[in-house]
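Chemist: Please read through the structure below; I'll follow up with questions.
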Amino acid sequence: MSRGEFPGEGAGLPEAAAHPAEFTYTATWRPAPLPATGDDTPAGPVLIVHTPAGRPLADALAARHVTDDVVHVELGTVTRQSAPGRWELDATAPDAPTTLRDTLPRPRTVYFLGGLRDAAEDGPAELDRAEESGVRALFRCAKHLVIPTAATRRTDWKIVTNDAWPVAGGRVANPYAAALAGMARVLENEHRHWSVPVVDFGLDGRLPGPVGSRRHELAALVAAEPAERGARVAHRDGVRYRQALRPVTLPPADGAAIRTGGTYAVVGGAGGIGLEMARFLARDHGARVALIGRSPLDGDRRRRIADADPDGSRLLYVRADASDEDGLRAGLALIQERFGPVHGVFHSALDHTADLVRNLDDAALRAGLAAKTGVSVALASVFRAEPLDFLLFFSSAQSFLGDPGLAGYAAGSTFQDAYAHALDQRLSFPVRGINWGYWGTVGAVAGEGYREWLTRQGFRSLSPREGWDTVLRTLAGPETQVLALPAEDVLLKRLGLGAELRAAYAGPWSRLE
């Protein structure tokens with residue numbers, strides 16, 4: 001949840017009115033034709049940031065701005081001016097954009113195409129390359145190029161990605177690009193004069209080339225997209241979709257999702273929410289639980305673990321950097337030696353760094369991302385061949401809220417949402433993700449100061465028992481992604497979940513995913 005661990009459709013219809021205590025939702029993609037306003041892109045300087053693979057679309061967009069001052073910035077490995085109006089930018093150097101800052105016009109429109117990628121293999125190396133030209137490049141360009149000149153001015157961004165979301169039953173081939181959606185939402189919330197919609201195309205991992213009409217067709221769709229804050233849009237087979245949340249009633253909690261006496265790994269398990277998961281696993285199911293964490297097993301952690309496992313037979317602390325494949329594999333070997341095969345994995349790690357993008361340093365952003373993105377990818381790499389019953393990611397309501405100061409956290413959470421869908425399509429065992437709301441008694445935001453602030457925002461606290469029941473219900477249900485958010489109407493309206501939608505939910509909903 002905000003500043004901490006926050007923040008499928010079934011054949012039958014959930015009875016929302018009959019379950020007033022329900023607080024679970026899921027993300028859906030609903031057909032949403034473009035408003036009949038035409039291309040209303042404002043006149044003024046244009047900045048287009050792209051990779052070499054995105055150059056054909058960048059050129060097609062530039063062709064739509066023949067009367068504007070257009071500057072291309074291509075993400076590569078050197079920083080230099082290659083031609084009038086064209087720059088190359090070293091995407092591996094955090095401060096490289098500062099070299100360009102005083103030479104570029106103050107942009108009125110910014111196109112960011114760093115999320116466009118051809119099909120590629122999954123893994124930590126590919127994640128690093130994708131973040132270098134994607135979410136980290138967006139952060140650096142916003143911080144060093146746009147905020148210094150246009151922080152308080154009307155600026156219309158358009159973030160373009162491909163194959164990042166499970167729209168109309170399609171394959172998620174590029175989940176790495178989904179991190180851009182979380183970053184975009186934070187940028188909007190930190191700059192009230194900015195709009196940063198995200199437009200995703202279903203290209204099946206094949207980007208448009210320099211010949212043919214495809215690049216111009218896509219450019220026309222991008223240019224026609226309204227400058228609307230908070231919009232996430234996808235185009236599939238000629239249909240425009242928009243992401244929305246809808247209420248969902250999960251199946252009753254089913255203890256059968258957890259094996260009696262089974263073995264489970266909880267990454268981040270020595271923290272508040274992770275340790276609560278371990279407590280329920282051990283106490284209610286007689287499970288053996290490995291708590292995987294980077295920190296030394298100090299006195300405070302020993303006391304907390306002993307409180308959850310008085311006789312010391314159920315919980316094992318394994319010190320390992322879960323974002324490092326080799327360290328994680330070594331940790332898995334220790335777990336198997338002590339407890340045998342692992343039956344389920346929980347990702348409960350986070351980095352609690354909060355600062356506005358203008359003040360956030362590159363190392364802090366990387367740490368915030370790595371706790372979500374790096375750990376998730378390493379888990380998938382290490383456990384994909386294991387006979388798991390499930391892999392469960394703990395994401396956040398910040399995927400949809402994007403509160404100021406939470407750029408790395410929100411971006412990491414939207415990555416996890418898309419990655420859960422991608423893995424659920426590819427792996428032999430179910431992969432699920434829960435976007436948590438506010439846990440008021442445990443976790444990173446359990447203090448009194450946070451509690452007062454979050455209550456004013458409309459958050460209601462999840463109790464540990466409610467959280468555990470939500471885990472069991474999610475594992476028993478068909479939804480890959482579940483938002484668990486007890487909240488007042490003031491917060492639900494921010495998410496498009498006001499009383500009007502909840503009343504309409506009693507009506508028919510078609511299966512869109």
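The values are calculated or read from the model by the stated rules, or taken from the named source; none is laboratory data. It should be emphasised that the depicted structure is a prediction, and the values quoted were computed from it without experimental measurement. As a convention, Cβ positions derive from the backbone with ideal geometry for all residues, glycine included, and neighbour counts pool all protein chains shown. These accessible areas exclude ligands, DNA and RNA; they are computed on the full protein's heavy atoms, side chains included. Shrake-Rupley method; radii C 1.70, N 1.55, O 1.52, S 1.80 Å.
Chemist: Here are some conditions: (1) closer than 21 Å to ALA410 by Cβ; (2) modelled with pLDDT of 90 or more. PRO464 meets all but one. Which one does it not meet?
Modeler: (1)
Chemist: Within the group ALA62, ALA130, which residue is within 26 Å of the chain's Cα centre (by Cα) and either part of a helix (DSSP H, G or I) or surrounded by 19 or more Cβ atoms within 10 Å (Cβ to Cβ) (or both)?
Modeler: Residue meeting the stated conditions: ALA130.
Chemist: Taking GLY344 as the residue in question, decide whether it is of a type in the set (Gly, Ala, Ser) and at pLDDT below 95.
Modeler: no
Chemist: Could you check the stretch 232-259 and list, in sequence order, the residues that are touching a helix residue (DSSP H, G or I) at 6+ places or on another chain (Cβ under 9 Å), charged (D, E, K, R) and either open to solvent by 40 Å² or more (accessible area, probe 1.4 Å) or closer than 19 Å to ASP417 by Cα (or both)?
Modeler: Within the stretch 232-259, ARG232, ARG246, ASP254, ARG259 meet the criteria.
Chemist: OK, next. Confirm whether ALA150 is under 19 Å from the mean Cα position of the chain (by Cα) and buried (at least 19 other Cβ atoms within 10 Å of the Cβ).
Modeler: Considered against the rule, which asks whether it is under 19 Å from the mean Cα position of the chain (by Cα) and buried (at least 19 other Cβ atoms within 10 Å of the Cβ), ALA150 comes out as no.
Chemist: Now a separate question. Is there a residue being among the acidic types (Asp, Glu), in a helix (DSSP H, G or I) and surrounded by fewer than 15 Cβ atoms within 10 Å (Cβ to Cβ) anywhere in the stretch 101-120?
Modeler: No, because not a single residue in the stretch 101-120 is among the acidic types (Asp, Glu), in a helix (DSSP H, G or I) and surrounded by fewer than 15 Cβ atoms within 10 Å (Cβ to Cβ).
Chemist: Is it the case that some residue within the stretch 42-57 is closer than 22 Å to LEU116 by Cβ, at pLDDT 85 or above, surrounded by 16 or more Cβ atoms within 10 Å (Cβ to Cβ) and charged (D, E, K, R)?
Modeler: So far as the stretch 42-57 goes, yes, one or more of its residues are closer than 22 Å to LEU116 by Cβ, at pLDDT 85 or above, surrounded by 16 or more Cβ atoms within 10 Å (Cβ to Cβ) and charged (D, E, K, R).
Chemist: Would you point out which residue out of LEU388, LEU392 is part of a loop (DSSP other than H, G, I, E, B), within 20 Å of LEU281 (Cα to Cα) and modelled with pLDDT of 95 or more?
Modeler: Exactly one of LEU388, LEU392 is part of a loop (DSSP other than H, G, I, E, B), within 20 Å of LEU281 (Cα to Cα) and modelled with pLDDT of 95 or more, namely LEU388.
Chemist: Consider ALA137 carefully, then state whether it is in a helix (DSSP H, G or I), of a type in the set (Gly, Ala, Ser), open to solvent by 40 Å² or more (accessible area, probe 1.4 Å) and closer than 28 Å to ASP326 by Cα.
Modeler: Here the answer is no, as ALA137 does not meet what is asked.
Chemist: Just to be sure before I move on: is ARG473 within 27 Å of LEU391 (Cα to Cα), at pLDDT 95 or above and charged (D, E, K, R) in the structure I sent?
Modeler: Yes, satisfied.
Chemist: Looking at the stretch 210-231, can you tell me whether even one residue there is at pLDDT 95 or above, assigned to a strand (DSSP E or B) and either under 22 Å from the mean Cα position of the chain (by Cα) or surrounded by fewer than 14 Cβ atoms within 10 Å (Cβ to Cβ) (or both)?
Modeler: Within the stretch 210-231 (the criterion being at pLDDT 95 or above, assigned to a strand (DSSP E or B) and either under 22 Å from the mean Cα position of the chain (by Cα) or surrounded by fewer than 14 Cβ atoms within 10 Å (Cβ to Cβ) (or both)), the answer is no, since none of the residues qualifies.
Chemist: Looking for something open to solvent by 10 Å² or more (accessible area, probe 1.4 Å) and over 25 Å from the mean Cα position of the chain (by Cα) - is there at least one such residue anywhere in the stretch 341-358?
Modeler: Among the residues of the stretch 341-358, at least one is open to solvent by 10 Å² or more (accessible area, probe 1.4 Å) and over 25 Å from the mean Cα position of the chain (by Cα), which makes the answer yes.
Chemist: Run down ASP69, ASP59 and say which single residue is acidic (Asp, Glu) and touching a helix residue (DSSP H, G or I) at 6+ places or on another chain (Cβ under 9 Å).
Modeler: Answer to the check: ASP59.
Chemist: Just checking, how many residues over the stretch 269-288 are under 22 Å from the mean Cα position of the chain (by Cα), open to solvent by less than 20 Å² (accessible area, probe 1.4 Å) and within 19 Å of LEU328 (Cα to Cα)?
Modeler: Residues in the stretch 269-288 being under 22 Å from the mean Cα position of the chain (by Cα), open to solvent by less than 20 Å² (accessible area, probe 1.4 Å) and within 19 Å of LEU328 (Cα to Cα): 2 in total.
Chemist: On to the next question. So is VAL382 assigned to a helix (DSSP H, G or I) and surrounded by fewer than 24 Cβ atoms within 10 Å (Cβ to Cβ) or not?
Modeler: Answer is yes for this residue.
Chemist: Now, a different point. Listed residues ASP361, ASP324; which is in contact with a helix residue (DSSP H, G or I) (Cβ under 9 Å, 6 or more places away or on another chain), within 25 Å of MET183 (Cα to Cα) and acidic (Asp, Glu)?
Modeler: ASP324
Chemist: Go through (1) of a type outside the set (Phe, Trp, Tyr); (2) touching an Asp or Glu at 6+ places or on another chain (Cβ under 6 Å); (3) at pLDDT below 95 one by one and return the number of the condition ASP39 breaks.
Modeler: (2)
Chemist: Another question, then. Checking LEU245 against (1) assigned to a loop (DSSP other than H, G, I, E, B); (2) within 27 Å of LYS372 (Cα to Cα), which single condition isn't satisfied?
Modeler: Only one criterion in (1) assigned to a loop (DSSP other than H, G, I, E, B); (2) within 27 Å of LYS372 (Cα to Cα) is unmet by LEU245, namely (1).
Chemist: Then there's this: Of all residues in the stretch 245-267, how many are in contact with a Lys or Arg (Cβ under 6 Å, 6 or more places away or on another chain) and of a type in the set (Phe, Trp, Tyr)?
Modeler: Qualifying residue count for the region: 0.
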